[in-house]
1. Looking at Asp118, Asp107, Asp113, which one is more than 30 Å from Val18 (Cβ to Cβ), assigned to a loop (DSSP other than H, G, I, E, B), out of contact with any Pro (no Cβ under 7 Å at 6 or more places or on another chain) and of a type in the set (Asp, Glu)?
2. Out of the residues in segment 13-26 that are assigned to a helix (DSSP H, G or I) and not polar (S, T, N, Q), state the one that is nearest to the chain's Cα centre (by Cα).
3. Can Tyr78 be described as among the aromatic types (Phe, Trp, Tyr) and surrounded by fewer than 23 Cβ atoms within 10 Å (Cβ to Cβ)?
4. Just to check your reading of the model, which residue among Asp113, Asp84 is surrounded by fewer than 24 Cβ atoms within 10 Å (Cβ to Cβ), modelled with pLDDT of 95 or more and acidic (Asp, Glu)?
5. Any chance segment 150-163 includes a residue that's of a type in the set (D, E, K, R), modelled with pLDDT of 95 or more, in contact with a strand residue (DSSP E or B) (Cβ under 8 Å, 6 or more places away or on another chain) and surrounded by 15 or more Cβ atoms within 10 Å (Cβ to Cβ)?
6. Out of curiosity, is Glu237 under 22 Å from the mean Cα position of the chain (by Cα), under 19 Å from Gly128 (Cα atoms) and not aromatic (Phe, Trp, Tyr)?
Amino acid sequence: MSLSAGEKLEHLRLATEVSGLGEVEVILPAENDVALGGIRLHYLDWGEDGHPPVLFLHGGALTAHTWDVVCLTLRRDYRCLALDQRGHGDSEWSPGMEYGVEDHLGDVERFIDHLGLDRFVLAGQSMGAINSIVYATRHSDRLAGLVSVDAGLDVRPQGASRIVDFVKAPGELDSVEEFVQRAQDFNPARDPRLLRTSLLHNLRRLPNGRWTWKYDRRPLQRDEFHLTEGSRDFISEVPALLEKLRGMTGSIRCPTLIVRGERSDVLSDADAKRFADLLPDGRWTRVAGAGHTVQGDNPRGLAEALRGFFAEIGF
């Protein structure tokens, strides 16, 4: 659903207040589209060319707007870019349901080349973190730093199952308020005043008047949609990919920060430390009061962790 500029600004003002950010200039990012590799990609641009660039990749079933408050906090000093990955947000769906890791990686590589980014920080959460890690195994020489938010080489089964159950729940509901209630049940710690507008960035209205998610749910409905030979599903690829990445951590030579949400049931302290220890230049930190979606649960805490990392690596 398209929100007016006034509605977006009102939401951001409330979000900065709830997050305890203090005096922060509230503005809207530039919104742009670019066609790369046969897919139209949408992205948000929060900064100016002269600032060091940070590219943010969201998690599965989320959008670039999940980073809004973090980007708003950092924009004075960094050019914050947030990409709607294929099949999510306002980016185009893949006609052939090509959503494998290599498909996402190709988009990210082309997007980075299109903008001419170099010596930048790549930060991703969950699915976006996995895509960022894979990028870093091949292009760490281009990165000033890598940030993996609540994702590593180990996944807690209970937390992963809870997320999958939420994503696979019925995708059509009669009202936005029903989606708000479902999201509140899933994450009771999230401020209910912010949920409705946040969800509107990720919902669309159907011709029959009902509401559904913006992201492409066809891979979740395999019985209803015929998957072609080229169809690929990110979720099904993850277990084998994580095992493969264990032998590739040495190729991630850039400084890397692993961020764990204190209340996360997906990544444990031990998991985060184990991943950081495998990296040539790794470290990890914990963000208080946050679950798996750290950037939404405690954007101020995440922004502080990022600033500390940036200062450490001279970025």
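1. Values: Asp107 fails: assigned to a loop (DSSP other than H, G, I, E, B); Asp113 fails: assigned to a loop (DSSP other than H, G, I, E, B).
Within the list Asp118, Asp107, Asp113, the selection yields Asp118.
2. Going residue by residue through segment 13-26, those that are assigned to a helix (DSSP H, G or I) are 13-18.
Now restrict to residues that are not polar (S, T, N, Q): 13-15, 17-18.
Working: Arg13: 21, Leu14: 21, Ala15: 18, Glu17: 22, Val18: 21 Å.
If we take residues in segment 13-26 being assigned to a helix (DSSP H, G or I) and not polar (S, T, N, Q), then Ala15 is nearest to the chain's Cα centre (by Cα).
3. Values: among the aromatic types (Phe, Trp, Tyr): yes; surrounded by fewer than 23 Cβ atoms within 10 Å (Cβ to Cβ): yes.
Here the answer is yes, as Tyr78 does meet what is asked.
4. Asp113
5. yes
6. Answer is yes for this residue.
Here's the yes/no breakdown for (1) surrounded by 15 or more Cβ atoms within 10 Å (Cβ to Cβ); (2) out of contact with any strand residue (DSSP E or B) (no Cβ under 8 Å at 6 or more places or on another chain); (3) among the acidic types (Asp, Glu); (4) touching a residue at least 12 places away in the same chain (Cβ under 8 Å):
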site: Asp277; (1), (2), (3), (4): no, yes, yes, no
site: Pro280; (1), (2), (3), (4): no, yes, no, yes
site: Arg283; (1), (2), (3), (4): yes, no, no, yes
site: Asn298; (1), (2), (3), (4): yes, no, no, yes
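Matching residues to (1) out of contact with any helix residue (DSSP H, G or I) (no Cβ under 7 Å at 6 or more places or on another chain); (2) of a type in the set (A, V, I, L, M, F, W, C); (3) assigned to a helix (DSSP H, G or I); (4) over 15 Å from Ser132 (Cα atoms):
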{"residue": "Gly247", "(1), (2), (3), (4)": "yes, no, no, yes"}
{"residue": "Val266", "(1), (2), (3), (4)": "no, yes, no, yes"}
{"residue": "Lys273", "(1), (2), (3), (4)": "yes, no, yes, yes"}
{"residue": "His292", "(1), (2), (3), (4)": "no, no, no, yes"}
{"residue": "Gln295", "(1), (2), (3), (4)": "no, no, yes, yes"}
{"residue": "Ala305", "(1), (2), (3), (4)": "yes, yes, yes, yes"}
{"residue": "Phe309", "(1), (2), (3), (4)": "yes, yes, yes, yes"}
{"residue": "Phe315", "(1), (2), (3), (4)": "yes, yes, no, yes"}
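The values are calculated or read from the model by the stated rules, or taken from the named source; none is laboratory data. All of these numbers come straight from a predicted model, not from anything done at the bench. Every residue, glycine as well, gets a Cβ built from its backbone with ideal geometry; the counts of neighbours run over all protein chains shown.
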